[in-house]
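J.: One structure coming up, written as structure tokens, with questions to follow.
Quick note: the coordinates plus some simple rules give every number you see, no bench work behind them. None of these values were measured; they are calculated from a predicted model. In this analysis, Cβ positions are derived from the backbone assuming ideal geometry, glycine residues included, and neighbour counts consider all displayed protein chains.
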Amino acid sequence: MFRFLSTELDRILWTLFYPECPVCFTPSQPGGTCKGCLVVVPIQGPLCSDCGLPIKSSEIRCGACCILTKQFLQGAQSLLWLTEDSRKLIHLIKYEKRFEWLRLFKQIILTAQPPIGFEDAIVIPVPTHPKKFFERGFNQSEIIARQLATQWKMPLNLGLKKIVQTLPQSQLNRGRRTENLIGCFSWNQKKIPSKVIVVDDILTTGETLYSCARALKNKGVESVFGWTLFRTIPRDVS
Ligand SMILES: [Zn+2]
Ligand SMILES: [Zn+2]
């Protein structure tokens, strides 16, 4: 424990007194990235009312949001684009446990508004399998969901569980992504909430949110909305 604390302290002191950009390692202001690295890039409107991607001002929906709006998931929203630089920073936080960089994202999450019509919902993070949680020591979706639940004054609930260990979605193509997640999420509480906001770190094809929504709706949840901190950049958005 003390060793862990002293390592953390070292890192914080290093960040303060020997500031360098965590993404490209050039000198920068303490505790931040350099001006050239794009880490916090908000997704700006007007946005599709279903999937949260930018649309032309004359449109209401983007017409490309097939998976997200099918049957189980009412809609989805993301706060930031997943740039190459933010991907590198997430890797640093997730795999090298450089949690001091989380604060860059904590600040921007403070600007997030609850999805319209879900002001009375409960917040549920996308769960990780217990074995993975044990290996990693944390669930990044839970960290984000906790902050959102506090700032939106909504209850946080950890009743959605991952009961099957699956292959990482990032290693699979679109078809295999759906298959990979079938039956892997389960709601383990008697009480069935009416509205739920499912929170994840990154939205790529939406399959993970969709599978969580399917598990919840099959238990009788009335409506489910997906919220992620990052969204991968579609090929047609520059
Ligand atoms: Zn940089
Ligand atoms: Zn859309």
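J.: How high is the relative contact order of the range 149-238, given as a whole-number percent (alpha carbon pairs under 8 Å, six or more residues apart)?
T.: Working: 104 pairs, mean separation 24.5, N = 90.
Rounded, it is 27 percent for the range 149-238.
J.: Would you please give the FRET efficiency between Asn218 and Arg174, computed as 1/(1 + (r/R0)^6) with r the Cβ-Cβ distance and R0 = 35 Å, to the nearest 0.05? Each step should come with its number before you reach the end.
T.: Numbers: r = 23 Å, r/R0 = 0.64.
With R0 = 35 Å, the Cβ-Cβ based efficiency is 0.95.
J.: Same structure, new question: How large are Rg and Dmax for the chain when calculated on the C-alpha trace, in angstrom?
T.: 18.4, 58
J.: Using Cα positions and a limit of under 15 Å, work out the aspartates and glutamates in reach of Lys161, with same-chain residues fewer than 8 apart set aside.
T.: Correct list for Lys161: Glu142, Asp200.
J.: Tell me the angle of helix 2-17 to the major Cα principal axis of the chain, expressed in degrees between 0 and 90 and rounded to the nearest ten.
T.: Roughly 70 degrees between the two axes.
J.: Can you spot the lysines whose alpha carbon is less than 26 Å from Lys88's alpha carbon? Ignore those fewer than 8 places along the same chain.
T.: Lys35, Lys97, Lys106, Lys131, Lys132
J.: Now, a different point. Mind checking the full-extension length gain between Arg87 and Asp120? Use 0.36 nm per residue of separation minus the Cα-Cα distance, one decimal, nm.
T.: Values: separation 33, 0.36 × 33 = 11.88 nm, distance 3.23 nm.
Going from the current span to full extension adds 8.6 nm.
J.: Can you run phi through the Karplus equation (6.51, -1.76, 1.60; θ = phi - 60°) for the range 164-178 and list ³J(HN,Hα) in whole Hz, with x for Gly and Pro?
T.: 10, 7, 10, 6, x, 4, 5, 8, 10, 7, 4, x, 5, 4, 5
J.: Determine, for Trp81, Trp227, Trp187, the number of other Cβ atoms within 10 Å of each Cβ, and report the residues in order from fewest to most.
T.: Numbers: Trp81 19, Trp227 26, Trp187 22.
Arranged by neighbour count, lowest to highest, Trp81, Trp227, Trp187 become Trp81, Trp187, Trp227.
J.: Over the chain, what is the relative contact order in whole percent, taking alpha-carbon pairs under 8 Å and six or more residues apart? Show your work: numbers first, answer last.
T.: Values: 397 pairs, mean separation 48.4, N = 238.
Result for the chain is 20 percent.
J.: How far apart, in nm, are the 7 Å Cα→Cβ label points at Lys190 and Phe99?
T.: 3.5 nm
J.: Using the number of other C-beta atoms within 10 angstrom as an exposure proxy, rank Lys162, Lys190, Lys132 with the fewest first.
T.: Working: Lys162 22, Lys190 6, Lys132 14.
With the sparsest Cβ surroundings first, the list reads Lys190, Lys132, Lys162.
J.: Could you pull out every residue, at least 5 positions away or on a different chain, whose amide H is within less than 5 Å of the one on Gln77? Hs are placed 1.01 Å off N in the peptide plane, and Pro or chain starts have none.
T.: Gly226, Trp227, Thr228
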